[in-house]
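K.L.:
The structure's right below; bear with me while I get my questions together.
The values are calculated or read from the model by the stated rules, or taken from the named source; none is laboratory data. Computed from a predicted structure; not experimentally measured. Cβ: placed from backbone, ideal geometry, glycine included. Neighbour counts: every protein chain shown. Areas reflect the complete protein model, heavy atoms only, side chains present, ligands, DNA and RNA absent. Shrake-Rupley method; radii C 1.70, N 1.55, O 1.52, S 1.80 Å.
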Amino acid sequence: IAQIEKLMDKLREEEQQDIVDRDECIENENKHSNEKDDLEYEVKKLGNKIEKLEDRKLDLQDRIDAIHVGITDQTTVMEDALTVRTATHDEFLQAKSDDEAAIELLSQAIKVLGKFYKNNALLQRNEPLVKPPEFDEDPDRAPEANVDKKYEGSQRQNGGIVALLQHLKEQLQNEVAAAVKAEEEDTAAYEKQRVEDRQLREDLKQQAADLGEEKANTEQTITNTEEKKTDTQTHADDVGTELDRIKESCEWIRRTFDKRREMRKAEMKGLRDAKNLLAGQDPNSAFLQKKTHH
């Protein structure tokens, strides 16, 4: 009888162990299933983050490319402006040189003519340009030619030539002065514009550098996120593998739990019957008595 009771206690322990195993299976299965779902959701979130970062990187690159085009265009504008300014300055220098050469020629001509008129005492006087000949006696008789009289030329006309040359010289000098002033103003305006253009180009370069740095940081974030996604996916796969193992083990427990319980009940009944038989009781009568008592 004692041996039968030990067997019955063992069956009771098996019953409790099956219940514990079943509950542990359910708990572990739920735990790993939830963990796997959480990890897969995290992987999806990381994938979406990477896509957004990739879009951000492309947008930054487009902006950088646009700025580089702007820098190139700005450089072209500056080069064209320099070419125009150089050509204009060269034209100014040539025109100034030509005018100064003309002024020098006029100065020499004025000097030579002035000296000539001075040597011949041909000074400007307030007289008619052409004085009519005088007739002392007979107005119909031409005046006698005086071959010994010194040549004087046309005083008013020659004096007028010097004044005309002087006027031309002064006009050229005024033109040179005006051209020099205009060139100085154009040069100052060009330099001012060039400073602004250089600053604009430097600003564009700085913008490109800042965006380049932001792009580099974005690329680094993408790399870090991809590594995290890979690690998370690996963890999710490991949890999935463990979940499959647990499911396989628990499947046997779930499938056999009820069957094992019924088999234990039958075995327990047999052990009780054997115990009662050994105790001198008819298992059927004992069962009937127990049933009548209830």
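K.L.:
Could you do me a favour and compute the accessible area per residue for segment 64-120, 1.4 Å probe, result in Å²?
P.N.:
On the way: 3710 Å² over 57 residues.
Dividing the accessible area of segment 64-120 by its residue count gives 65 Å².
K.L.:
Accessible area per residue, 1.4 Å probe, Å², for segment 212-273: what's the number?
P.N.:
Per-residue value: 68 Å².
K.L.:
For Lys192, what charge total do you get from the other residues with a beta carbon under 13 Å from its beta carbon, if Lys and Arg give +1 and Asp and Glu give -1?
P.N.:
Values: positive: Arg85, Arg194, Arg198; negative: Glu184, Glu185, Asp186, Glu191, Glu196, Asp197.
Here the count lands on -3.
K.L.:
Could you compute how much accessible surface Glu170 exposes when probed at 1.4 Å, giving the result in Å² to the nearest 10?
P.N.:
90 Å²
K.L.:
Something else about it: Express the carbon and sulfur contribution to the solvent-accessible surface of segment 1-61 as a percent, rounded to the nearest whole number, probe 1.4 angstrom.
P.N.:
47 percent
K.L.:
Something else now. Under a crude label model (7 Å from the Cα following the beta-carbon direction), how far is Asp65 from Glu219 in nanometres?
P.N.:
1.5 nm
K.L.:
Also, quick follow-up: Suppose R0 equals 45 Å; then what is the FRET efficiency for Ser97 and Asn120 from their Cβ-Cβ distance, rounded to the nearest 0.05?
P.N.:
Once rounded, the FRET efficiency stands at 0.80.
K.L.:
A further question on this structure: On a straight-distance basis, which lysines could pair with Lys57 in a cross-link, Cα separation under 28 angstrom, same-chain partners fewer than 8 positions away excluded?
P.N.:
Reachable lysines: Lys44, Lys45, Lys49, Lys205, Lys215, Lys228, Lys229.
K.L.:
By how many nm would the segment from Arg194 to Lys44 lengthen if fully extended, with 0.36 nm per residue of separation less the alpha-carbon distance?
P.N.:
48.7 nm
K.L.:
First select every other residue whose beta carbon is under 12 angstrom from the beta carbon of Lys169; then total the charges, Lys and Arg +1, Asp and Glu -1.
P.N.:
In short, -4.
K.L.:
Work out the FRET efficiency for Glu104 and Gln206 from their Cβ-Cβ distance, taking R0 = 45 Å, and round it to the nearest 0.05.
P.N.:
Numbers: r = 53 Å, r/R0 = 1.17.
Calculated transfer efficiency: 0.30.
K.L.:
For Lys52 paired with Leu113, estimate the spin-label separation in nm (one decimal), with each label point 7 Å from Cα along the Cα-to-Cβ line.
P.N.:
In this crude spin-label approximation the distance works out to 8.9 nm.
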